[in-house]
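Shown next, in C-alpha cells, is the structure this report addresses.
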Amino acid sequence: MERSLPAKMAKASLLLLSCLSALTFAVDSSAQSTGFLSPVPRASCGANDHPESGLQGQVPAFLRAAGFNGFNCNLELVGQARGDGANWQSAEYIDRADRKCAYHGTSLKTANRTTLGVSVVDISDTANPAVLNHLTTISMVDPWESLKVNVPRQLLAAVNARNGNGGPEIDIYDISLDCRSPQLLSSLAVGKADGSTGIPATIVGHEGNWAPDGLTYYGGDLRTGGGRYYAIDTTDVRNPKLLAFWKPSVAIPHGLSVSDDGMTGFFVAQGGTPIASLTNPAVAPTNGLLVYDLSQIQNRLPNPQVPQIGQLLWKDGSNAQHSIPVKIGGKPYLIFVDEGGSGTGLSSVSQATGACAASMPPFPMARIIDISDVRNPTLVARVTQEINTAKACKLVLPDITGLSLFTYGTHYCSVDNKQNATTLACGQFNSGIRVYDIRDPLHVREIAYYNPPGTTTSSPGSDHVRNGGWKAGGPDWCSSQVHLDASNGTLWTTCQDNGVLTLKFTNNVWPFPESSTPPGQQN
C-alpha cells in the first residue's frame with residue numbers, strides 16, 4: 001500500500017508479508033523447451049463457406065494487396081451497423097422488456113466524426129442492428145478497454161481512458177428501465193489530491209472490470225513507472241470513492257477479473273522478455289497471471305491490503321490482456337489472454353521476426369489455466385493457430401510488412417457461460433473472430449470463424465487508422481469481446497473498421513446441447 005497504516009494494522013501487515021516471503025510463485029518454463037506450439041484442429045467448413053486459403057489464422061499478402069474479401073466458416077453475416085466504426089471493447093445488456101442493447105467505444109478523434117462517444121445500439125433484431133445514440137460524458141468519450149456492464153445491479157460503467165491514458169474519473173449509468181436510454185448516475189473524479197472523493201492518489205484510466213456483486217469497480221492504470229491497480233467503492237453509485245491502490249510485483253497493470261465471491265482477483269502482469277533473452281533460462285519472465293487476495297476490499301476493512309497469493313508467468317507471450325474465471329465440467333479454470341507474442345512489442349514485424357528466430361510463437365494466444373489451487377495455478381492448454389507454428393514464419397512475415405502493431409493473434413475473448421463454459425470466442429485482430437469448443441480443455445478444437453472483408457474507406461471512430469494499421473482493402477482489427485447467444489445460435493461483436501456485426505452459426509456446429517448464455521455470464 002502506498003500510505004501509512006494504523007499501528008495495529010501495521011503489525012498484522014508485517015506478519016502477512018513474512019508469510020508471503022516464504023511462498024514460491026510459479027513460472028511456466030515449458031515454452032523454453034517446447035518452442036513452437038501445436039495448433040488446435042481446424043474447423044471443418046460447410047459447402048457454402050469461404051474458408052481460409054492459407055494457414056489457419058492467416059490473410060496472405062496477395063489477398064491484402066488485391067483487396068481482402070473475407071473468410072467465413074460455419075458463421076455467416078446477418079446484420080451490420082458500421083456507423084463511425086468501433087475501437088477496443090463492447091458490452092451487452094438485456095432489459096426487463098427483453099430489449100437487447102450493445103454498447104461499444106469509439107476513438108477520441110474529432111476529424112470527420114459524426115458523433116463522439118460510446119455508441120448505444122439496439123440489436124434486438126439481429127438482422128437490423130440500429131445505432132440509437134451516444135454517451136458523451138468524460139469517461140464515455142473514449143473508454144478504451146474499461147467499458148463494462150454489471151448485470152446484478154444493472155449498471156454500465158467506464159473510467160476515463162481516452163487515448164489509453166485519461167484521468168481519474170468514473171462514469172456510471174443506470175440501464176435497468178430501458179437499455180436504449182442509459183441514465184447517468186455519476187461522473188466523478190476519484191482520488192483527488194485533497195481526498196474529497198476517497199484516499200488521495202493520482203490514477204489514470206485504461207482497463208477495468210466489476211466485482212460480480214457490482215459493489216466494487218477495479219481499474220488498471222498501466223503507465224510505465226506509475227501504473228497501479230485500484231479499487232473504487234460503487235456501493236453508492238452516485239458517490240463512488242477510491243478504496244485502495246497497489247503496484248503489481250512484476251511488470252505493469254492491465255486487465256483483470258474477480259471470483260464470484262469477490263475474494264480473489266485474477267489480475268495480469270503486462271510484461272515481456274527481450275528477444276535476446278527468450279531462450280536464456282537465467283532471465284525470468286515478467287508476463288502472465290497474478291493472483292490477489294481481495295478479501296479486505298470485499299469486506300470493506302479500513303486501510304485494506306491486497307496481498308499477492310499466487311502467480312504464473314511465461315515467455316511465449318507478452319502484454320497480458322485479461323482473464324476470465326470459469327468452470328468447465330464443474331472444475332475451476334481461468335481463461336487468460338495475451339495481446340502480444342513472444343518477446344516484447346505488439347505483433348510488429350520486428351517482434352515477430354525476433355520470436356521466430358528464437359523458435360518461439362510470434363503471435364499472442366489464449367490459455368486455459370487450472371485454478372483449483374489459486375496459490376498454484378497450472379497451465380492446461382494453449383489455444384493457437386497454424387500462424388504460430390514453425391512453418392508459419394516465412395509465410396506470414398510478408399503479410400505484416402509495413403504494419404507497426406496488432407497484426408495476428410488475440411485481444412479479447414469470452415465464454416458462453418462462466419458457470420458451465422463450453423465455448424470460447426475470441427476477437428483476434430487480422431485473424432478475425434474465432435470460436436472454439438472447450439468442453440475438453442485438454443483437446444480444444446476450432447468450430448467456426450469469421451474474418452470480415454476489408455473496408456475501402458476508413459472508419460473515423462476506429463483506432464486502426466490512428467495507429468497506422470489500416471490499409472484500404474486490408475483485413476480489419478477484430479479486437480472486442482464476442483457476445484454469444486445460445487437461444488438462437490448467434491453472436492455479435494465489433495470489428496474496428498466494420499463496426500457492429502451480428503453473425504449466425506451454420507451447419508449445426510453451435511450451440512452444443514449443454515450450451516447456455518445466461519445474462520452477465522460471458523466476461
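For this structure, a couple of remarks:
- Qualifying residue in region 111-119 (condition: assigned to a loop (DSSP other than H, G, I, E, B) and under 22 Å from the mean Cα position of the chain (by Cα)): yes
- Annotation: of all residues in region 402-440 being under 30 Å from Arg466 (Cβ atoms) and hydroxyl-bearing (Ser, Thr, Tyr), the one that is farthest from the chain's Cα centre (by Cα) is Ser404.
- Odd one out for Thr126, checked against (1) of a type in the set (Ser, Thr, Tyr); (2) within 23 Å of Leu256 (Cβ to Cβ); (3) in contact (Cβ under 8 Å) with a residue 60 or more places away in the chain: (2)
- Contact map, region 55-78: first residue within 19 Å of Glu386 (Cα to Cα), second residue among the aliphatic types (A, V, I, L, M) and in a helix (DSSP H, G or I), Cβ cut-off under 6 Å, separation 6 or more or different chains; pairs are Leu55/Ile387; Leu55/Ala392; Gly57/Ile387; Gln58/Ile387; Gln58/Val396.
- Any hit, region 190-205, residues being outside any loop (DSSP other than H, G, I, E, B) and either among the charged types (D, E, K, R) or modelled with pLDDT of 95 or more (or both): no
- Taking the listed residues Ile275, Ile297, Ile309, the one that is over 27 Å from Asp416 (Cα atoms), at pLDDT below 95, hydrophobic (A, V, I, L, M, F, W, C) and out of contact with any Cys (no Cβ under 9 Å at 6 or more places or on another chain) is Ile275, with no other qualifying.
- Scan of region 333-370 for residues that are among the acidic types (Asp, Glu) and either free of Cβ contacts under 8 Å to residues at least 24 places away in the same chain or surrounded by 24 or more Cβ atoms within 10 Å (Cβ to Cβ) (or both), ordered by number: Asp338, Glu339
- Filter result for Ala366 (at pLDDT below 95 and either small (Gly, Ala, Ser) or out of contact with any helix residue (DSSP H, G or I) (no Cβ under 7 Å at 6 or more places or on another chain) (or both)): no
- Within region 307-324, tally of residues that are in contact with a Phe, Trp or Tyr (Cβ under 6 Å, 6 or more places away or on another chain) and either surrounded by fewer than 21 Cβ atoms within 10 Å (Cβ to Cβ) or within 22 Å of Ser515 (Cβ to Cβ) (or both): 2
- With respect to the stated conditions, Asp233 fails to be in contact with a strand residue (DSSP E or B) (Cβ under 9 Å, 6 or more places away or on another chain), surrounded by fewer than 18 Cβ atoms within 10 Å (Cβ to Cβ), under 25 Å from Val326 (Cα atoms) and modelled with pLDDT of 95 or more.
- There is at least one residue in region 29-39 that is more than 26 Å from Pro519 (Cβ to Cβ), of a type in the set (A, V, I, L, M, F, W, C), touching a strand residue (DSSP E or B) at 6+ places or on another chain (Cβ under 7 Å) and assigned to a loop (DSSP other than H, G, I, E, B).
- Residues in region 389-414 that are polar (S, T, N, Q) and modelled with pLDDT of 95 or more: Thr410, Ser414.
- Residue among Ile328, Ile387, Ile400 that is of a type in the set (A, V, I, L, M) and closer than 22 Å to Asn417 by Cα: Ile328
- Across region 241-264, the number of residues qualifying as among the small types (Gly, Ala, Ser), in contact with a helix residue (DSSP H, G or I) (Cβ under 9 Å, 6 or more places away or on another chain) and buried (at least 24 other Cβ atoms within 10 Å of the Cβ) comes to 1.
- Evaluation of Ser187 against (1) among the hydroxyl-bearing types (Ser, Thr, Tyr); (2) closer than 19 Å to Asn523 by Cβ; (3) surrounded by fewer than 22 Cβ atoms within 10 Å (Cβ to Cβ) (one fails), failing number: (2)
- Of all residues in region 213-230, those satisfying the criterion of being buried (at least 24 other Cβ atoms within 10 Å of the Cβ) and out of contact with any helix residue (DSSP H, G or I) (no Cβ under 9 Å at 6 or more places or on another chain) are Tyr217, Gly219, Gly220, Asp221, Tyr229, Tyr230.
- For Ser431, the conditions (1) surrounded by fewer than 19 Cβ atoms within 10 Å (Cβ to Cβ); (2) more than 22 Å from Ala111 (Cα to Cα) all hold with the exception of (1).
- When Ala161, Ala157 are checked against the criterion of being buried (at least 22 other Cβ atoms within 10 Å of the Cβ), closer than 22 Å to Ala201 by Cα, touching a Lys or Arg at 6+ places or on another chain (Cβ under 7 Å) and not charged (D, E, K, R), Ala157 stands alone in meeting it.
- Meets criteria (surrounded by fewer than 24 Cβ atoms within 10 Å (Cβ to Cβ), out of contact with any Ser or Thr (no Cβ under 8 Å at 6 or more places or on another chain) and touching a residue at least 12 places away in the same chain (Cβ under 8 Å)) for Gly473: no
- Within region 476-504, restricting attention to residues that are assigned to a strand (DSSP E or B) and charged (D, E, K, R), the residue that is surrounded by the most Cβ atoms within 10 Å (Cβ to Cβ) is Asp485.
- Every pair of residues 6+ apart whose Cβ atoms lie under 8 Å, when the first sits in region 435-464 and is without any contact (Cβ under 8 Å) to a residue 24 or more places away in the chain while the second is assigned to a loop (DSSP other than H, G, I, E, B): Thr457/Ala472
- In summary, Gln428 fulfils each of the numbered conditions (1) farther than 23 Å from Pro519 by Cβ; (2) of a type in the set (S, T, N, Q); (3) part of a loop (DSSP other than H, G, I, E, B); (4) in contact (Cβ under 8 Å) with a residue 40 or more places away in the chain with the single exception of condition (3).
The values are calculated or read from the model by the stated rules, or taken from the named source; none is laboratory data. Being a predicted model, the structure only gives us computed values, none of them experimental. Using ideal geometry, Cβ is built from the backbone for each residue, glycine included, and neighbour counts are taken over all protein chains shown.
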